[in-house]
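What follows is one structure encoded as C-alpha cells, with my remarks underneath.
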C-alpha cells in the first residue's frame with residue numbers, strides 16, 4: 001500500500017507513452033483497474049485480513065510447531081476478525097478506503113445509486129442493489145464470512161480439542177491443566193483404531209509415571225514442543241511406548257497441511273514438460289531431493305560422485 005502512489009504513477013506514464021505500443025494497452029488496462037473504487041475497496045480489504053491472519057499463517061508454515069502458540073493464535077485470529085465483521089468495523093473500514101481514494105484522486109461513487117453488474121443492465125437484475133449494499137454485503141461481509149468459515153472448518157471442535165489437550169503434555173508448561181482421564185477420553189474419541197481398550201488403560205498408567213518422571217528430569221522439563229518430547233522419549237529409551245505412539249499421532253496434526261503445501265509447491269517447480277518424459281522412479285527421486293533439502297545438506301557432492309563412479313564402469317572419466 002505504501003508503494004501504491006509510485007506504482008500508480010508509473011503505470012499512468014506507461015499508458016500515456018505512445019512510443020511503447022506493445023506495453024501501452026496492458027498498462028492502460030491495469031491503470032483502469034487501479035483507478036477504480038471497487039479495486040481499491042478489495043485491495044484495502046485484503047490488507048486488513050492479511051494483517052490479522054499473517055501471524056497465524058507464518059506460525060502454521062513452520063516445520064517445528066508450538067502447539068500452545070497455535071491454539072492461542074487460532075483463537076486470537078478469530079477474535080480479531082469478529083469486530084471487523086460488525087457494523088462499526090465496516091464504518092471504520094469504509095472511512096479508511098474513502099480517505100485513501102481521496103488522497104490518490106480516485107473517484108468515490110454515490111453509494112445510494114443502483115449497482116449495475118458488468119455487462120448487464122439494472123432492469124435485468126433480480127433486485128435493485130445499491131452500491132452500498134453491494135460493497136457492504138456482497139463483498140465485505142461475504143469475504144469475512146468466508147475467512148471465518150474456513151478457520152472454523154479447518155480448526156473445528158475436534159482439532160481444537162486435540163490441540164488443547166496436546167498442550168498439557170508439554171513439560172515446559174509444567175503440565176498445566178493436565179488430566180490423564182481427559183487425555184484418555186480424547187484418545188477414545190479420536191483414535192479408537194490406534195488404541196484398543198487395553199492400550200487406553202495402559203496409557204493412563206504410563207501418563208501418571210510420565211508426569212512425575214518429566215517433572216524431575218532436568219533435560220525433559222525444559223522441552224517446549226511435542227516434536228522434541230517425542231524425540232527425547234525415543235533417544236532416552238524410556239518405556240513410555242504408548243505415550244510415544246500418541247505423540248506421533250499428535251505431531252502430524254498441525255503440520256500436515258503446511259507439509260503438503262510445500263510438497264505440491266516443489267512438484268509444480270520440478271514437474272516441467274521435459275521432466276514429464278522421465279521414468280517415475282527418476283522423477284520421484286528428483287522430487288525427494290528438492291522437498292527434503294535438509295537431508296541433502298548432509299552429503300557432499302564428492303561422495304555422491306564417488307558412489308556413482310563405483311556403481312558402474314564408464315568410458316568417460318567423471
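No lab work stands behind these numbers, since they all come straight from the coordinates. It should be emphasised that the depicted structure is a prediction, and the values quoted were computed from it without experimental measurement. Positions of Cβ are generated from backbone atoms using ideal geometry, with glycine treated the same way; all protein chains shown enter the neighbour counts.
Descriptive notes on the structure:
- What the Kirkwood sum gives for region 146-220 is a hydrodynamic radius of 13.8 Å, with every pair of different alpha carbons counted.
- Taking the square roots of five times each eigenvalue of the Cα gyration tensor of region 1-100, the equivalent ellipsoid has semi-axes of 37, 19, 8 Å, listed largest first.
- FRET E, pair residue 164, residue 50, Förster distance 22 Å, beta-carbon r, rounded to 0.05: 0.25
- Peptides 102-111, 196-205, ordered by how many other C-beta atoms sit within 10 Å of their residues on average, highest first, read 196-205, 102-111.
- Distance between modelled label sites at residue 85 and residue 61, nm, 7 Å Cα→Cβ extension: 2.5
- Compared with the alpha-carbon gap, the fully stretched path from residue 110 to residue 239 is longer by 39.3 nm at 0.36 nm per residue.
- Label-to-label distance, residue 222 versus residue 188, with points set 7 angstrom from Cα along the beta-carbon direction: 3.9 nm.
- Model label points for residue 279 and residue 1, set 7 angstrom from Cα along the Cα-to-Cβ axis, are 5.6 nm apart.
- Gyration tensor verdict on region 85-186 (Cα atoms; rounded if a/c is under 1.5, prolate if a/b is larger than b/c, oblate otherwise): prolate
- Binned Cα-Cα distance frequencies in region 175-257 - 10 Å width, integer %: 16, 53, 29, 2
- Length available on full extension from residue 143 to residue 16: 0.36 nm per residue minus the Cα-Cα distance, which gives 42.2 nm.
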